[in-house]
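Some notes on the structure that comes next.
The values are calculated or read from the model by the stated rules, or taken from the named source; none is laboratory data. No experiment lies behind these values; they were computed from the predicted model shown. Cβ coordinates were reconstructed from backbone atoms using ideal geometry, including for glycine residues, and neighbour counts include every protein chain displayed. These accessible areas exclude ligands, DNA and RNA; they are computed on the full protein's heavy atoms, side chains included. Shrake-Rupley method; radii C 1.70, N 1.55, O 1.52, S 1.80 Å.
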Amino acid sequence: MDDRLLHLRDSHVLPLTILIEKMRDRKVKVPHIDPRDGGIKAQAIVFLETPGTQAKNGFVSRDNNDPTAQNFNEVCKCSGIDREITALWNVVPQCLSGRPTDRQIRDAIPDTAQFIQSFVALKAIVFCGDSAKYAMERLSLGSLKVFPTYHTGRKAFSRPRLQNHIRATFHDLAAWLNAN
């Protein structure tokens, strides 16, 4: 058994676990949020597009065995961003077989907005990838600092210009969080 399952009711992730359970009640297949991250106490949310195959039966996590998670984890480490100040999630929270459609992204906006509203110390959001940026344009984010960049998956990360943008964005996030 994954020991993270024992921590889904910890105070820093309980509101998110309840939100995920409500989505599951609607028959939306959503993985867990990783309780090793900051949960609702996170200062920054990083939104990807949709959970990958590694998350299908478990967690949206930087610890998953896939290139997106590995690249994300490495970028955070190089930028000095501790996992306890972040939460990783997707603008379309359910597992899909491919990229989300515009309609799927728009349909997920209420869940994404509710997810964001659950955080108590949130200062910034990073939107990684075209789908995440599409959702960003449709969310009411108030005074939150927004950092759009490319997806940390293999396709973007293998292109030096895009990888440099991703790295610069996370360095900017770290500097901004340290100053605020």
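So the values come out like this:
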quantity	calculated
Estimated inter-spin distance, LYS27 and ARG161, nm [label 7 Å along Cα→Cβ]	4.5 nm
Choice from SER11, SER118, SER143 with maximal GNM fluctuation in the chain (Cα, 10 Å cutoff)	SER143
Of LYS29/LYS145; LYS27/LYS155; LYS27/LYS77; LYS41/LYS77, those spanning more than 25 Å from alpha-carbon to alpha-carbon	LYS29/LYS145; LYS27/LYS155; LYS27/LYS77
Expected 222 nm ellipticity per residue - DSSP helices of 4 or more, -39500 (n - 2.57), all of the chain, to 500	-12500 deg cm²/dmol
Given charges at Cβ of Lys, Arg, Asp, Glu: the chain dipole, positive-most of GLY39, LEU5, CYS76	CYS76
Cβ-based charge dipole, the range 2-68, positive-most Cα from LEU48, ASN65, ILE20	ILE20
Within the range 130-168, trypsin sites (Lys or Arg not before Pro) in DSSP loop having at most 16 other beta-carbon neighbours inside 10 Å	ARG138
Candidates LEU88, LEU139, LEU16, ranked by Gaussian network fluctuation over the chain, Cα under 10 Å, top entry	LEU139
The range 40-167, accessible area per residue, ligands and nucleic acids excluded (1.4 Å, Å²)	47 Å²
Heavy-atom accessible surface of the chain: percent carbon and sulfur, 1.4 Å	48 percent
Percentage relative contact order, the range 73-144, counting C-alpha pairs under 8 Å, at least six apart	32 percent
Distance from the range 13-75 to the range 82-151 (C-alpha centre basis), Å	12 Å
Relative contact order [Cα under 8 Å, 6+ residues apart], the chain, whole percent	24 percent
Check: the chain dipole with +1 on Lys, Arg Cβ and -1 on Asp, Glu Cβ, in debye	380 debye
